[in-house]
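Here, each number is a calculation from the coordinates, and none is a lab measurement. On a predicted model such as this, the values are computed, not experimentally measured, just so you know. Every residue, glycine among them, receives a Cβ derived from its backbone with ideal geometry; neighbour counts consider all protein chains shown.
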Amino acid sequence: MAAAELGSWRSAPSRRRGAGRRRARLEAAAATREPEADLEGDVESVLRRIREAEKDLLLSDFWSSAQKTLQECLGKRREQAEAATGNLPEAPGELCSLQCVSYGIGSFASCAVARSQLAFLLLFLEKFQVPRHRCWVYDPVFSPREVAVLQALGVNVLNENEEGKRGVWLEPTVFYMPHCGTALYNNLLWRNWSAGALSSLVVVGNSFRGLEERLLTRILRNHYPYVAKVLDATEELALPQTPRYEDVFNDTSVHWFPLAKLRGLPTAVWMSREEPDYRDCEDLEIIRNEARGPEAAPSTP
């Protein structure tokens, strides 16, 4: 996970173990940029290490269990969509392949944890037949070398910090956001704040229930209101925990939002759609887009 999007680690000590190391890595990565002259010789070596991480993950008990968790969640969401559309071939968007957006993988060229997170993304795309050209990735700490590696892998590298504010337009989309800051999840929910759009989302990231347990109620409601409001309409399955990948995927869950539960939320929940404002929020674990600025006008999905 990257500097932009570190999660709030306020749970049991075993889950906080990597937080200090991770923060130090991210600060160092954000301050370091590699000269362009180093790119050519290094890209292949990074690709080789990524392939090794993929192989290790593919053969692990963790991946064997994790793909079953993903399959269960994605299967439920698709069954819901097929029931809503009557499984008609002309139903807009739903029968298209999934698309995937990834925020916050981090500096995978120098960090083994980030490399394992990238390996997970690549295995996910292969397992669930998501074409790589339908995958977009972003982290503000990516170096020119890492951008070149991602391009060689065939995924799209976003050139703008969206702060998580990407609309899905009812197109089935998996957001892969390992250990991101709570504000990033809140921004994503705000941008897609309608029953139709949210029911098209699957979010792989910090456990929403874990966030509810760790954050004071007033902090959650005041600073991250969209996370707070969607909790009653969220189904969540935790990824398995294994010693080998504990620092990589701890506190990570797969979330989806059943349409029936979304429609059962009080009408007042949908009436307020103010863009999140974090000016009074302490310890905000997200890198802001200075070009966008905190006062940018919200757009409607």
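Quick notes
- Built amide H within the under 5 Å cut-off of ARG273, gap 5+: none
- Among the listed pairs LYS165/LYS261; LYS76/LYS261; LYS76/LYS165; LYS55/LYS127; LYS68/LYS261; LYS127/LYS165, those whose Cα-Cα separation exceeds 20 Å are LYS165/LYS261; LYS76/LYS165; LYS68/LYS261; LYS127/LYS165.
- Whole-percent pair-distance distribution, where bins are 10 Å wide, for the alpha carbons of segment 124-264: 11, 38, 37, 13, 1
- Phi-based couplings in Hz for segment 156-170 (Karplus 6.51, -1.76, 1.60; Gly and Pro marked x): 8, 9, 5, 9, 9, 6, 7, 6, x, 8, 10, x, 9, 6, 6
- Cut-off under 5 Å, modelled amide H: who pairs with SER102 long-range: TRP136, VAL137, TYR138, TYR176
- Modelled FRET efficiency - R0 41 Å, HIS133 with SER60, Cβ distances, 0.05 increments: 0.90
- In segment 188-251, the convex hull through the Cα atoms has an average projected area of 4.9 nm², a quarter of its surface area.
- Each peptide in 103-111, 168-176, 248-256, 229-237 was scored by the mean count of other Cβ atoms within 10 Å over its residues; highest first, the order is 103-111, 248-256, 168-176, 229-237.
- For ALA238, residues with placed amide H under 5 Å, excluding near neighbours: VAL254
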